[in-house]
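Worksheet: the structure to be examined is printed underneath.
The values are calculated or read from the model by the stated rules, or taken from the named source; none is laboratory data. Worth saying up front: this structure is predicted, and the values here are computed from it rather than measured. Neighbour counts run over all protein chains shown; Cβ positions are idealised from the backbone, glycine included. Just the protein is used for accessible areas: all its heavy atoms, side chains included, with ligands, DNA and RNA removed. Shrake-Rupley method; radii C 1.70, N 1.55, O 1.52, S 1.80 Å.
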Amino acid sequence: MRVPGAVTDPTRVRTETIQFSSGGDTIQAYLARPSESGRYPGLIVIHEAFGLVEHIKDLARRFANVGFTALAPDLYSRTGGPNPDDRPSVMEKMFSLPDAQVVRDLEAAAAYLRGLPDATGKVGCIGFCSGGRQTLLFACSTTRLDAAVDCWGGYITRATPDAITTPARPTPVIDLVDRLSCPLLAVFGEEDQNPSPDDAARLRELLERASKPATVKTYRNAGHAFLADYRPTYREAAAFEAWPDIVGFLERHLR
């Protein structure tokens, strides 16, 4: 199986497991950076509902391979991640993460990246599935981001299947887009149901109404998580189309 951006020479990338502080708590994270000396922009890579699985680490290495210092925080650090094979556990963990806590942790991740000796000072964020929603949330809740990529972030119009809001998710993320503080690329699949094509259209409408610097793109013959090559949702053609779009967007706004 072919995957876009695959790291064919592992010596080009250095990786390590690190920790950073957020509100007095310790957040575990995976750090991937180019091996060659130089100054690089930072990129926060937010995991899916399944947690900091190997696929997310691989994506961090792919971004490091093209010149970003990629930090993938484990947003489940306080409680432990779910069993990826237990869907109810995955959904419960995802829905119980408080939005305010997520924003604080991502602020701390951005500060960590900016504090590295080889940092350029610019930081972007990309997230997948629940991480896509959290990327959009973060980009609408901070002024400390230079670019954001929301990849098929679900539940942007409501908190859960049964509730518009919950204590953990008090405001639908789509209602925050007038506060977007940086350029945004929102990536959708035309066969996805959450986020649906209607969600994509609504997001585009609200971004345009607020005159925000955003691109909303829907990929054909693709559904949810079409870049996730470890899942049956993977769609090679759409993945190879989206990867240069994503990297090109980050290059334009973070270099």
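Only residues that are in contact with a strand residue (DSSP E or B) (Cβ under 8 Å, 6 or more places away or on another chain), not acidic (D, E) and not in a strand (DSSP E or B): list them for the stretch 178-197, please.
L180, C182, P183, P195, P197
Return a yes/no flag: does the stretch 145-156 have any residue that is farther than 21 Å from Q28 by Cα, modelled with pLDDT of 95 or more, acidic (D, E) and part of a strand (DSSP E or B).
Yes.
Before we move on, is D118 touching a residue at least 40 places away in the same chain (Cβ under 8 Å) and farther than 20 Å from I246 by Cα?
Taking the combined requirement at face value, the residue satisfies it.
In the set R220, R255, which member is over 19 Å from L59 (Cα atoms) and modelled with pLDDT under 95?
R255
Which members of the stretch 41-64 meet the condition of being among the hydrophobic types (A, V, I, L, M, F, W, C) and buried (at least 20 other Cβ atoms within 10 Å of the Cβ)?
Result: L43, I44, V45, I46, A49, F50, L52, I56, L59, A60, F63, A64.
Where residues in the stretch 199-255 are touching a residue at least 40 places away in the same chain (Cβ under 8 Å), under 27 Å from A159 (Cα atoms) and touching a Gly at 6+ places or on another chain (Cβ under 7 Å), which of them is most open to solvent (accessible area, probe 1.4 Å)?
The extreme case among them is H224.
Checking the conditions here, which among G38, G67 is over 29 Å from P161 (Cβ atoms), open to solvent by 30 Å² or more (accessible area, probe 1.4 Å) and either in a loop (DSSP other than H, G, I, E, B) or among the hydroxyl-bearing types (S, T, Y) (or both)?
G38
Going by what's in this entry, would G132 be described as farther than 20 Å from R255 by Cβ, modelled with pLDDT of 95 or more, open to solvent by less than 10 Å² (accessible area, probe 1.4 Å) and not in a loop (DSSP other than H, G, I, E, B)?
yes
Considering only the stretch 156-172, how many residues are closer than 17 Å to S196 by Cα and open to solvent by less than 40 Å² (accessible area, probe 1.4 Å)?
Total satisfying the criteria: 4.
Just to be sure, is S96 open to solvent by 20 Å² or more (accessible area, probe 1.4 Å), touching a residue at least 12 places away in the same chain (Cβ under 8 Å), polar (S, T, N, Q) and touching an Asp or Glu at 6+ places or on another chain (Cβ under 8 Å)?
No; evaluated as a whole, the condition is false for this residue.
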